[in-house]
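**Student:** Before anything else, here's the structure in question.
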Amino acid sequence: MISEIKNLIRSAINPISGKPESEECRVKDVFEAEGDIVIKYDREGLSPSQKRVFEDNILCAIKDKVPEDKISFSSVSKDSGDVYKSLKSSGKSPDNEAPKSNEAPKSNENATLNVGHGKPAPKKGIPNVKKVIAVASGKGGVGKSTVSVNLALSLKKLNKKVGLLDADIYGPSLPILLGKRGEKPKANDKKKIIPLEAHGLKFMSFGLFIKEGEPVIWRGPMLGGVLNQFLFDVDWGELDYLIIDLPPGTGDVQLSMIQSVSVDGSIIVSTPQDVALLDAVKGFNMFTQVKTPVLGMIENMSYFICSDCGASHDIFGNGGVKAEVEKLETNLLGQVPLDIKVRLGSDKGEPYMAFNFNEEDEISKSYMAIAKNVDKILFESKENKKGFFGKLFGK
């Protein structure tokens with residue numbers, strides 16, 4: 001059984017490098033002791049939080065072979081030698097060891113929670129990809145994925161080479177939006193995943209690897225592992241832009257992406273009403289706190305165009321995102337109308353900017369304006385770009 005466990009551990013991901021244990025060789029020994037499986041590994045260079053992620057990755061790799069409460073970890077380093085970590089179920093470790101005295105220590109200081117993310121791993125660039133853009137939203141239902149697809153198609157109309165990465169592992173939607181339901185990616189002779197192509201875009205999604213309706217019941221470390229594979233083990237080729245369609249919120253996937261890859265800019269998508277803006281601001285603040293530039297915000301479903309009378313109606317309110325970008329001192333990249341043709345095209349895998357593009361209509365003009373704004377911000381002169389990002393971070 002020990003040899004089987006060792007083979008399973010080879011797939012565990014190192015949180016610093018994003019590489020599997022088969023390449024890292026941090027695990028030094030696996031043996032039985034007092035009925036438990038003890039895994040001894042080198043913790044050199046790992047922060048306490050990164051150690052926990054690494055151990056969780058190992059647990060995920062061998063969970064079908066060994067019950068979690070039968071697994072222990074022993075970590076070693078150059079400075080301190082062996083440090084034994086007790087069973088996961090006991091909740092004790094060198095990082096949270098209980099006081100030896102029966103009397104709780106007294107202090108006049110207020111209690112605080114130490115929940116930092118530790119020292120982040122060095123970020124990597126994706127070979128042959130010039131710019132990486134993360135498209136995010138604070139909450140679901142604001143049309144972020146639809147915006148990502150049509151923005152990508154709009155950048156393509158500017159003669160850019162564009163790729164799309166669906167980073168929403170729990171709710172992947174790009175196969176539906178791009179008309180590739182049920183298709184499966186292949187691998188090349190270098191064992192790299194070959195992205196699918198649709199409407200002139202390269203794309204990758206977890207939805208291509210599972211059946212529709214099949215739930216993904218994964219923990220954070222496993223999400224980070226598959227995201228790293230999509231970033232660095234996909235043969236993206238030469239791209240001007242890789243657009244990453246993030247899941248809603250500010251959770252594990254967002255943090256894993258920010259810590260592992262160099263992101264040139266992020267875009268926040270929101271509808272105009274206050275309930276959506278409240279969460280959109282959280283997304284904005286997440287990116288600024290982790291020093292990732294926010295290019296601006298897009299107001300989606302900004303107004304409804306009546307197909308009968310041609311009049312516009314402010315279904316979700318008016319000017320909400322415009323007012324918010326002024327407070328946040330960022331850019332309003334554009335406002336996209338709500339139109340039934342967008343919804344119908346998305347459901348059929350026929351995105352608006354691929355099948356309904358018309359230089360004179362409001363939706364096409366909106367998306368092309370957004371694409372030009374994004375392209376201008378990211379590819380303007382070094383002097384202007386330095387001033388733009390310096391303003392973002394107060395430099």
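**Student:** Taking 30 Å as R0, compute the FRET efficiency from the Cβ-Cβ separation of Cys306 and Asp274 and round it to 0.05.
**Tutor:** Efficiency computed from Cβ-Cβ geometry: 0.80.
**Student:** Now for a different question. Quick one: net charge around Asn318, please, counting Lys, Arg +1 and Asp, Glu -1 for every other residue with C-beta under 14 Å from its C-beta.
**Tutor:** -3
**Student:** Can you flag which of Lys124/Lys282; Lys186/Lys376; Lys130/Lys191; Lys144/Lys180; Lys184/Lys282 are past 27 Å Cα-Cα?
**Tutor:** Too far apart for the 27 Å limit: Lys186/Lys376; Lys184/Lys282.
**Student:** Now for a different question. Which GluC sites (Glu not before Pro) in segment 14-58 sit in a loop by DSSP (not H, G, I, E or B) and have at most 13 other Cβ atoms within 10 Å of their own Cβ? Display every interim value, and only then the final one.
**Tutor:** Values: sites: Glu21, Glu23, Glu24, Glu32, Glu34, Glu44, Glu55; in loops: Glu34, Glu44.
Those satisfying the criteria are Glu34, Glu44.
**Student:** Moving to a separate point now. What does the net charge come to around Pro272 if you take all other residues with beta carbon closer than 12 Å to its beta carbon, with K and R at +1 and D and E at -1?
**Tutor:** -3
**Student:** Any idea how far the Cα center of segment 2-25 sits from the one of segment 299-341, in Å?
**Tutor:** Their Cα centres are 48 Å away from one another.
**Student:** Next question, about the same structure. In whole Å, what are the Cα extents of segment 129-392 along the three principal axes, biggest one first?
**Tutor:** 53, 44, 36
**Student:** Pull out the extension gain between Lys365 and Asp233, defined as 0.36 nm times the separation in residues minus the alpha carbon to alpha carbon distance; nm, one decimal. Don't jump to the answer; show the numbers that get you there.
**Tutor:** Details: separation 132, 0.36 × 132 = 47.52 nm, distance 3.57 nm.
Value of the extension gain: 44.0 nm.
**Student:** Give the whole-number value, in cubic angstrom per residue, of the convex hull volume spanned by the C-alpha atoms of segment 175-239. Don't jump to the answer; show the numbers that get you there.
**Tutor:** Values: hull volume 6.5 nm³, N = 65.
Cα-based convex hull of segment 175-239, divided per residue, equals 100 Å³.
**Student:** Taking amide hydrogens as modeled 1.01 Å from N in the peptide plane, which residues meet the under 5 Å criterion relative to Arg10, leaving out close sequence neighbours?
**Tutor:** Here the answer is none, since no amide H 5 or more places off falls under 5 Å of that of Arg10.
**Student:** Given segment 255-304, what whole percent of its Cα pairs are spread farther than 15 Å?
**Tutor:** Cα-Cα pairs in segment 255-304 separated by more than 15 Å: 47 percent.
**Student:** Expressed as a whole number of Å, what is the distance separating the alpha-carbon centroids of segment 28-63 and segment 359-378?
**Tutor:** A separation of 49 Å, based on Cα centres.
**Student:** Give me, ordered by chain and number, the residues 5 or more places off Ile244 or on other chains with an amide H under 5 Å from its own placed amide H.
**Tutor:** Ile133, Ala134, Val135, Leu165
**Student:** Just to check I understand the Karplus step: with θ = phi - 60° and J = 6.51 cos²θ - 1.76 cosθ + 1.60, what whole-Hz values come out for segment 135-152, glycine and proline as x?
**Tutor:** 9, 10, 8, x, 9, x, x, 9, x, 4, 5, 4, 5, 4, 5, 6, 5, 4
**Student:** If each residue's Cβ is checked for other Cβ atoms within 10 Å, how do Glu197, Glu299, Glu359 rank with the fewest at the top?
**Tutor:** Values: Glu197 12, Glu299 29, Glu359 8.
Sorted ascending by nearby Cβ count, the order is Glu359, Glu197, Glu299.
**Student:** Let me ask another. What is the Cα centroid distance between segment 225-272 and segment 156-211, reported in whole angstrom?
**Tutor:** 13 Å
Any read-out appearing in this document is the output of simple, stated calculations on the displayed coordinates, not a laboratory observation. Just so we're clear, the structure is a prediction, and the values are computed from it rather than from any experiment. Neighbour counts are summed over all protein chains in view; Cβ atoms, including those assigned to glycine, are modelled from backbone coordinates with ideal geometry.
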